[in-house]
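A.B. asks: Before I ask anything, let me first share the structure, which is written out below as structure tokens.
The values are calculated or read from the model by the stated rules, or taken from the named source; none is laboratory data. These numbers were taken from a predicted model, which means no experiment stands behind them. Glycine gets a Cβ as well: all are built from the backbone with ideal geometry, and neighbour counts include every protein chain shown.
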């Protein structure tokens, strides 16, 4: 039984390690390496509303795949005969895939903020980004657009 628990812990730890490669969006002060040194457009405005949101990144299935492989390998070590090992490997693969998928989903989330910004031009836009730094309603901001059209908001 101790061996089974140890193997299950190994499945969870390995899947969590792979899921830690998640790509958070960051906040208004985070710039991707591809945007460093590039010209960006800027508009000025005032935050009218700030609402907390949960940002769910793409679940690409890495957690399920890794969990399935590790679970199948661990499961196949259980049981006495060849048939029992095959069955345990299949069950271990399914359980590992489910656990790996859930771990990936949980580490692929981050807290964010959705800001409604009234621009000086009179237009109103909404930008969602990481939660830090937090910007309150009434804060004067820059809305910075990168070359791909993505935007971030920061106080000025």
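A.B. asks: Within the stretch 106-156, which residues are outside any strand (DSSP E or B), closer than 16 Å to residue 53 by Cβ and without any contact (Cβ under 8 Å) to a residue 24 or more places away in the chain?
C.D. replies: Correct list: empty.
A.B. asks: Now a separate question. Have a look at 143, 117, 153 and point out the one that is under 11 Å from residue 45 (Cα atoms) and within 22 Å of the chain's Cα centre (by Cα).
C.D. replies: Details: 143 fails: within 22 Å of the chain's Cα centre (by Cα); 117 fails: within 22 Å of the chain's Cα centre (by Cα).
Result of the check over 143, 117, 153: 153.
Let's see how each residue does on (1) assigned to a strand (DSSP E or B); (2) closer than 19 Å to residue 150 by Cα; (3) at pLDDT 75 or above:
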{"position": "17", "(1), (2), (3)": "no, no, no"}
{"position": "32", "(1), (2), (3)": "no, yes, no"}
{"position": "36", "(1), (2), (3)": "no, yes, no"}
{"position": "48", "(1), (2), (3)": "yes, no, yes"}
{"position": "58", "(1), (2), (3)": "no, yes, no"}
{"position": "66", "(1), (2), (3)": "no, no, no"}
{"position": "71", "(1), (2), (3)": "no, no, no"}
